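Q: My questions will all concern the structure given below.
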Amino acid sequence: MEQRRLGRTDIFVSSLSLGTMTFGEQNTEAEGHAQLDLALERGINLFDAAELYPIPPKAETQGRTEEIIGTWMKARGNRDKIVLATKVVGRSENTWFRDGGVTAKLTRAHVEEAVNKNLKRLGTDYIDLYQLHWPDRNVSGFGSNPTIWTDPAPCDDETPIEETLAALGDLVKAGKIRQVGLSNESAWGTMRFLAVAEKMGLPRVVSIQNAYSLVNRTFETALAEIAHREQVGLLAYSALAQGYLTGKYRNGALPAGARKTLFDRLQRYEKPGAEPAINAYLDLAAELGLAPSQLALAFALSRPFMTSVILGATSLAQLEHDLGALDVTITAEIEGRINTLFQHHGSPCP
């Protein structure tokens, strides 16, 4: 497993990482532990969670994912062998995250409360990478990378980036977190965090966790240059378009136990133009004699701005299959064919 530098730090992370948002909902504690064991055995050292998880978010399950990771680390005694990443929610009307049943924000008090709860659930005294799950401010689209611009009205009580980053800086000084990252962030937001860090002597963000896949390459429009020049590498989620690029939902199929079948929350990958684009990449994989999921993951891995591609699985068989992407090489010919399809279909699933 290739190890890649996390930002400008001395931390190196595996090029594939394990996402855990199914732990506590689709996966039991034992199944989560088994996935974590397999991933670590195969060379993955970066494990990604969030206070929001598992998905779909519910008050009665919120935080269960972190608890499962915590019991695994305690049972295995392997905290020093992994890079542990988790997140604090951005502005949210869901009131179960914070004491007092209030709207969650990225104020100093809320960030400090969140970190302390993260640490307790995880059963550790430090987090390697602490990420802002989404911005406090209103943004144009959840992923902040829409292909159609809308002008979001600013919040009346928007938390300044300076306040959030200063709170994170104090948490770094306290030893509770090591590095800071962003998620679902825009090019403007990323550069503002970098500018504030330089001006105020605060922690420099080291990564950005955004969606990236064959059907969502919006990261390349502006953020890729930032990632390259500022060493704020991408931690890509949904590289398989939440399962659509595996082919399992083709022609309206609804496999038992699949996320769409259970929760019907995949509208991001059901927009106009999505189906023909997805089918074009599935057909290309067939022509190349490759598993479509491995083609999609290998393409993401090959991007020069990529730090790590986050895998999500609900079974060991799925995880093993996805790890096979490491054996797929994106040649110049394959990249050319992918780019030709992209010229026709663009990013229908931002």
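Q: Determine which member of the set ARG229, ARG178, ARG217 is of a type outside the set (Val, Ile, Thr) and in contact with an Asp or Glu (Cβ under 6 Å, 6 or more places away or on another chain).
A: One residue alone meets the criteria, ARG178.
Q: Now, a different point. Mind listing just one residue for me: the one in the stretch 136-149 that is surrounded by fewer than 22 Cβ atoms within 10 Å (Cβ to Cβ) and in contact (Cβ under 8 Å) with a residue 12 or more places away in the chain and, of those, farthest from PHE47 (Cα to Cα)?
A: Looking at the filtered set, the residue picked out is THR147.
Q: Here is a follow-up. Looking only at the stretch 150-182, filter to residues that are assigned to a loop (DSSP other than H, G, I, E, B) and touching a residue at least 24 places away in the same chain (Cβ under 8 Å); which one of those is nearest to LEU119 (Cα to Cα)?
A: LYS176
Q: Among the candidates ALA286, ALA241, which residue alone is on the phi < 0 side of the Ramachandran plot and modelled with pLDDT of 90 or more? Walk me through it before giving the result.
A: Details: ALA241 fails: on the phi < 0 side of the Ramachandran plot.
Residue meeting the stated conditions: ALA286.
Q: Here is a further query. Find all pairs meeting these conditions: Cβ atoms under 8 angstrom apart; at least six residues apart or on different chains; first residue within the stretch 257-270 and without any contact (Cβ under 8 Å) to a residue 24 or more places away in the chain and in a helix (DSSP H, G or I); second residue surrounded by 11 or more Cβ atoms within 10 Å (Cβ to Cβ) and not hydrophobic (A, V, I, L, M, F, W, C).
A: Sorted first by the residue in the stretch 257-270, then by its partner, the pairs are LYS260/GLN242; LYS260/GLY243; LYS260/TYR249; THR261/PRO255.
Q: Which residues, counting only those in the stretch 92-113, are open to solvent by less than 60 Å² (accessible area, probe 1.4 Å), free of Cβ contacts under 8 Å to residues at least 24 places away in the same chain and hydroxyl-bearing (Ser, Thr, Tyr)?
A: SER92, THR103
Q: Is it the case that LEU52 is open to solvent by less than 10 Å² (accessible area, probe 1.4 Å) and closer than 18 Å to ARG121 by Cβ?
A: So LEU52 does not fit the description; no.
Q: Give me the pairs: first residue in the stretch 195-212 and free of Cβ contacts under 8 Å to residues at least 60 places away in the same chain, second residue assigned to a loop (DSSP other than H, G, I, E, B) and open to solvent by less than 10 Å² (accessible area, probe 1.4 Å), beta-carbon distance under 8 Å, and six or more apart or on different chains, which are they?
A: ALA197/VAL205; ILE208/GLU185; ILE208/VAL232
Q: Still on this structure, I have one more. Look through the stretch 216-237, keep the residues that are in contact (Cβ under 8 Å) with a residue 40 or more places away in the chain and assigned to a loop (DSSP other than H, G, I, E, B), and return whichever of them is surrounded by the fewest Cβ atoms within 10 Å (Cβ to Cβ).
A: THR221
Q: Here's another thing I want to ask about it. Quick one: count up the residues across the stretch 14-38 that are part of a strand (DSSP E or B) and either acidic (Asp, Glu) or touching an Asp or Glu at 6+ places or on another chain (Cβ under 9 Å) (or both).
A: Qualifying residue count for the region: 6.
Q: Here's something else I'd like to know. When you go through GLU112, GLU93 one by one, which is the residue that is at pLDDT below 95 and out of contact with any Asp or Glu (no Cβ under 7 Å at 6 or more places or on another chain)?
A: It is GLU93.
Q: For the stretch 163-216, enumerate the residues that are charged (D, E, K, R) and farther than 25 Å from TYR244 by Cβ.
A: Across the stretch 163-216, the qualifying residues are GLU163, ASP170, LYS173, LYS176, ARG178, ARG192, GLU198, LYS199, ARG204.
Q: Right, another one. Run down TYR249, TYR244 and say which single residue is crowded, with 21+ Cβ neighbours inside 10 Å and over 26 Å from SER15 (Cα atoms). Reasoning before the result, please.
A: Numbers: TYR244 fails: over 26 Å from SER15 (Cα atoms).
Answer to the selection: TYR249.
Q: Another one. It is to be established whether one or more residues within the stretch 18-38 are open to solvent by less than 20 Å² (accessible area, probe 1.4 Å) and closer than 18 Å to GLN179 by Cα.
A: No - not one qualifying residue is present in the stretch 18-38.
Q: Another one. As an exercise: evaluate ARG265 against (1) open to solvent by 40 Å² or more (accessible area, probe 1.4 Å); (2) farther than 23 Å from GLY346 by Cβ; (3) at pLDDT 95 or above and give the number of the one condition it does not meet.
A: Only one criterion is unmet by ARG265, namely (3).
Per-residue answers, yes or no, for (1) under 17 Å from the mean Cα position of the chain (by Cα); (2) of a type in the set (Asp, Glu):
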position	(1), (2)
ARG8	no, no
GLY24	no, no
ALA39	yes, no
GLU51	yes, yes
GLU60	no, yes
MET73	no, no
THR86	yes, no
ASP99	no, yes
ALA114	no, no
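The values are calculated or read from the model by the stated rules, or taken from the named source; none is laboratory data. All figures in this text were calculated on a predicted structure; none of them were measured in a lab. Every residue, glycine as well, gets a Cβ built from its backbone with ideal geometry; the counts of neighbours run over all protein chains shown. To get the accessible areas, we keep the full protein, side chains included, count just its heavy atoms, and leave off ligands, DNA and RNA. Shrake-Rupley method; radii C 1.70, N 1.55, O 1.52, S 1.80 Å.
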